[in-house]
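Trainee: Okay, here's the structure, questions in a sec.
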There are 2 protein chains.
Amino acid sequence: MQFADRLDNVETSAIRELFKLLGKPGIISFAGGFPDSAMFDVDGIREAVNTALTEEAGGALQYGATEGYNPLREQLARFMTDKGASDVAPENLIVTTGSQQALDLLGKALISPGDKVFVEGPTFLATIQCFRLYGAELVSAPIDGEGVKVDELEALIAEHRPKFIYLIPTFGNPSGATLNLERRKKVLELAVKYQTLVIEDDPYGDLYFGAAPPPSLLNLSASVPGSRELLVHCGSLSKVLSPGLRVGWMIAPAELLAKATMCKQFSDAHTSTFAQATAAQYLKAGRMPATLAKVRAVYAERAQAMGQALRRELGDAIEFTQPQGGLFIWARLTGAGGKVGDGNVLAKRAIEKGVAFVPGAPFFCANPDHATLRLSFATADVAKIEEGVARLAQAL
Amino acid sequence: MQFADRLDNVETSAIRELFKLLGKPGIISFAGGFPDSAMFDVDGIREAVNTALTEEAGGALQYGATEGYNPLREQLARFMTDKGASDVAPENLIVTTGSQQALDLLGKALISPGDKVFVEGPTFLATIQCFRLYGAELVSAPIDGEGVKVDELEALIAEHRPKFIYLIPTFGNPSGATLNLERRKKVLELAVKYQTLVIEDDPYGDLYFGAAPPPSLLNLSASVPGSRELLVHCGSLSKVLSPGLRVGWMIAPAELLAKATMCKQFSDAHTSTFAQATAAQYLKAGRMPATLAKVRAVYAERAQAMGQALRRELGDAIEFTQPQGGLFIWARLTGAGGKVGDGNVLAKRAIEKGVAFVPGAPFFCANPDHATLRLSFATADVAKIEEGVARLAQAL
């Protein structure tokens, strides 16, 4: 069978092969990119779906508008406004089938084969493949612990004139890094200066452990004239409420939102109204603040436990910035004391010792740093984290 | 803002403009392509989702496999087997976000720009746009009341060597036509003879009013050696249970299924597990046969009422084949007695009289028949149908 040429641009994920090994009994996994199922507010979701089926069964079970179910769009606009975004009305956003679909719609609506698209090095794996399927030539913008390096970013923009710049500015996946305030302003200024579209993917911003992170690019855009018209903001309920609902959203300039909506019409017609009505009732019931407080506290404890254990057990063989939110510790093997310095090598040895994580190299679209690894602290409790890190030390 | 070149291949739907007029108070609509909300088994779905949240909350709310939630894949495989398909195991199908997504994934995985793709003339509007977005050059295969004309189809295959052939063989949208048994076999033989992939889109096959329609291409493929490896079958719960769940599925040869799954990974990661677990529990509870019996009886009555009213009120100014299933009457204005002979003209006049339908021309990817119209009998009750047809007669 002859497949579409665009499939030549993607490869089966190296990580997939690793995930096949995770079925080994007794393995402790730091490999996932998902929240802990034990955190799900099952009672709240049950109440929400039952209310939806009682009050609006027709809407919850019938076809709906491609743009999204209006009661949910209203709740999401309020959710964003409560978080400090100005001028987010229901008609400024569309609901997407998880934020993965927002990326797909952006690719479909914007990328012509050969277009340059910037991503952080490293960035979310599925973003790389998603944009490549539409023929994008990805350019890797370097980051440090404070997010993308804006001077290098500007030089790259001037050189490549990208179709758009994709960033996860807050508690990035896999980097855990958060773009500092000064750089955030600079990114918006660069967008205006070069008339370049910026995509802010923000699935983790609500998962902060101490102080709230700097304002989102969306929130800041109010103070950088012209930037709002060059900004897309993608949000998701997946990390804070439930990935299974597949409810994400995208705030974008009107013209782009219309094109993305048209693309969505032919992608899946609309996101499940059953899930949308449930999410709308959940938000309306006012349960989100308590849910957020709970998950923040649990993940904060786990992040601290993992950081302490890594420092204690692996010492100078590993270096990392302690994350202030999100799901991940992004670390680098130093090779100190003749220990393993390659993430891929360590991943295989770790599986033998009964602990799994994801090596960092595949997260780079170019020039991979083979010494890196991504460790999720989200799904194992503190005791498991300590045991897992001890096994990791044995594998070194 | 500069959008992707692929958007140049599609246009905003002419029908969309018409739909904007539907908000007019008191209008009777035959325009929709959806089931009647009053048919939804709300109690059954409520029981299903509550069971899912009690028995498998983790699975229903967490990320899931891109291929689909296994309990649902098992139920769907059984559902298909019960309908006479042989050798449908859970691993032979993937769950899609409505069958619209199956079309999108097929386009993504198979169509390179410039590839020829066959569709029926007329066919489902969103199919035309979906495939064009991937750069397909569509070729219209002519149909009559017995479905696609296989001799003309063979000549077109020999001439164009299409990437694949897309058919809605049973109670087609918009045609209402059902491919007869002899032609079904011939289509499968042509697939083998020319090694051409055939897509069978089957959202309406369960909605029959009297005798069951001929076996699906999927069922028949068992008796045409080599055809199963060249056949894709798309199914959906949208028309029989609830569109809002957005649960469809695709049965395809293994190699294609793997590529479609990879494409889906970057389209929406997976279909809502919340909706999938609900659908799985619904099927497992054994409620589907009663639900199907109910919707068949209601739509049969409405189809008959509309057919009778059309013959009575519009006489020789209209011609159509009385549908044996599905949601639609596809009709043709004859212009007899100096009456309106153009579907578009009639649509506008009809709105003035308080009744809406969709003109047929946009359903053709080429050589539109402007005399055609699509009338849905699904969402209005018998009294409304009779009133609506009387208004239609006034508009003629």
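The values are calculated or read from the model by the stated rules, or taken from the named source; none is laboratory data. Nothing here was measured: the structure is a model prediction, and the numbers come from that model. Note that we place each Cβ from the backbone using ideal geometry, even for glycine, and neighbour counts take in every protein chain shown. Calculation scope for accessible area: heavy atoms of the full protein, side chains included, ligands and nucleic acids excluded. Shrake-Rupley method; radii C 1.70, N 1.55, O 1.52, S 1.80 Å.
Trainee: Just by accessible area at a 1.4 angstrom probe, what is the order of B:154, A:387 from largest to smallest? Kindly include the intermediate steps, with their values, before the conclusion.
Mentor: Details: B:154 35, A:387 85 Å².
Largest to smallest exposure gives the sequence A:387, B:154.
Trainee: Relative contact order of chain B: what whole-number percent is it, with Cα pairs under 8 angstrom and at least 6 residues apart?
Mentor: On the way: 773 pairs, mean separation 94.7, N = 396.
Once normalised by length, the contact order is 24 percent.
Trainee: State whether segment A:239-396 is rounded, prolate or oblate according to the following rule on the C-alpha gyration tensor (a ≥ b ≥ c being the square roots of its eigenvalues): a/c under 1.5 gives rounded; otherwise a/b larger than b/c gives prolate, and the remaining case gives oblate. List each step's numbers first, then the result.
Mentor: Numbers: a/c = 2.86, a/b = 1.77, b/c = 1.62.
Verdict is prolate for segment A:239-396.
Trainee: Another question, then. Heavy atoms only, probe 1.4 angstrom, no DNA, RNA or ligands counted: give me A:97, A:321, B:178, B:81 ranked by accessible area, highest first. Show your work: numbers first, answer last.
Mentor: Working: A:97 5, A:321 100, B:178 30, B:81 70 Å².
I get A:321, B:81, B:178, A:97, largest accessible area first.
Trainee: Here is a follow-up. Given R₀ = 35 Å, FRET efficiency for residue B:89-residue A:348 by Cβ-Cβ distance, to 0.05? All intermediate terms of the calculation are to be shown ahead of the outcome.
Mentor: On the way: r = 33 Å, r/R0 = 0.93.
The calculated FRET efficiency here is 0.60.
Trainee: Run through the other copies and list how far each one's label point is from that of residue A:152, in nm with one decimal, shortest first; the point sits 7 Å from Cα along Cα-Cβ.
Mentor: So the label point of residue A:152 gives 6.1 nm to the other copies.
Trainee: So how far, in whole Å, is the C-alpha centre of segment A:87-105 from the one of segment B:258-279?
Mentor: Cα centroid to Cα centroid, the span is 18 Å.
Trainee: If the elastic network links every pair of Cα atoms under 10 Å, which of B:116, B:24, B:384 fluctuates the most in the Gaussian network model of chain B?
Mentor: B:24
Trainee: With springs only between Cα atoms under 10 Å, which of B:151, B:381, B:342 fluctuates most in a Gaussian network model of chain B?
Mentor: Among B:151, B:381, B:342, the largest GNM mean-square fluctuation belongs to B:151.
Trainee: Another question, if that's okay. What is the spin-label model distance, in nm, from residue A:74 to residue A:211 if the labels are put 7 Å beyond Cα along the C-beta direction?
Mentor: Here the modelled spin labels are 3.7 nm apart.
Trainee: Per-residue accessible area for residue B:296 at 1.4 Å probe radius, Å² rounded to 10?
Mentor: 50
Trainee: If I ignore ligands, DNA and RNA and count only protein heavy atoms, how much of residue B:6 is accessible to a 1.4 Å probe, in Å² to the nearest 10?
Mentor: 30
Trainee: Also: Could you tally the net charge around residue B:168, taking each other residue with its Cβ under 9 Å from the Cβ of residue B:168, Lys/Arg +1 and Asp/Glu -1?
Mentor: Numbers: positive: none; negative: B:120, B:200, B:201, B:202.
Computed value for this residue: -4.
Trainee: How big is the antiparallel share of DSSP beta bridges in chain B, given as a percent to the nearest 5?
Mentor: Numbers: 22 of 41 bridges.
If we restrict to bridges inside chain B, about 55 percent are antiparallel.
Trainee: Same structure, new question: Please give the solvent-accessible surface of residue B:40 in Å², to the nearest 10, using a probe radius of 1.4 Å with every protein chain present.
Mentor: About 20 Å², rounded to the nearest 10.
Trainee: Segment A:171-212 to segment B:295-364: how many Å between their Cα centroids?
Mentor: So the separation of the two Cα centres works out to 55 Å.
Trainee: Too long at a 25 Å Cα-Cα cut-off: which of B:239/B:264; B:83/B:294; B:193/B:264; B:239/B:353; A:353/A:384; A:185/A:284?
Mentor: Details: B:239/B:264 23 Å; B:83/B:294 18 Å; B:193/B:264 31 Å; B:239/B:353 29 Å; A:353/A:384 14 Å; A:185/A:284 33 Å.
The pairs that break the limit, which is 25 Å between Cα atoms, are B:193/B:264; B:239/B:353; A:185/A:284.
Trainee: While we're here: Viscosity 0.692 mPa s, temperature 37 °C: Stokes-Einstein D of the protein assembly as shown from its Kirkwood Cα radius, in µm² per second? Show your work: numbers first, answer last.
Mentor: Working: Rh = 27.4 Å.
The estimated diffusion coefficient comes to 120 µm²/s.
Trainee: For a quick check, take a GNM of chain B with Cα springs below 10 Å and name the residue from B:147, B:58, B:33 with the largest mean-square fluctuation.
Mentor: Its mean-square fluctuation being the largest, the pick is B:58.
Trainee: If eta is 1.002 mPa s and T is 20 °C, what Stokes-Einstein diffusion coefficient results for chain B, Kirkwood Rh from Cα pairs, in µm²/s? Each step should come with its number before you reach the end.
Mentor: Working: Rh = 21.7 Å.
Answer, rounded: 99 µm²/s.
Trainee: Enumerate the lysines that residue B:116 could reach by cross-link, defined here as Cα to Cα under 16 Å, with residues fewer than 8 away along the same chain left out.
Mentor: Cα-Cα hits under 16 Å: B:108, B:163.
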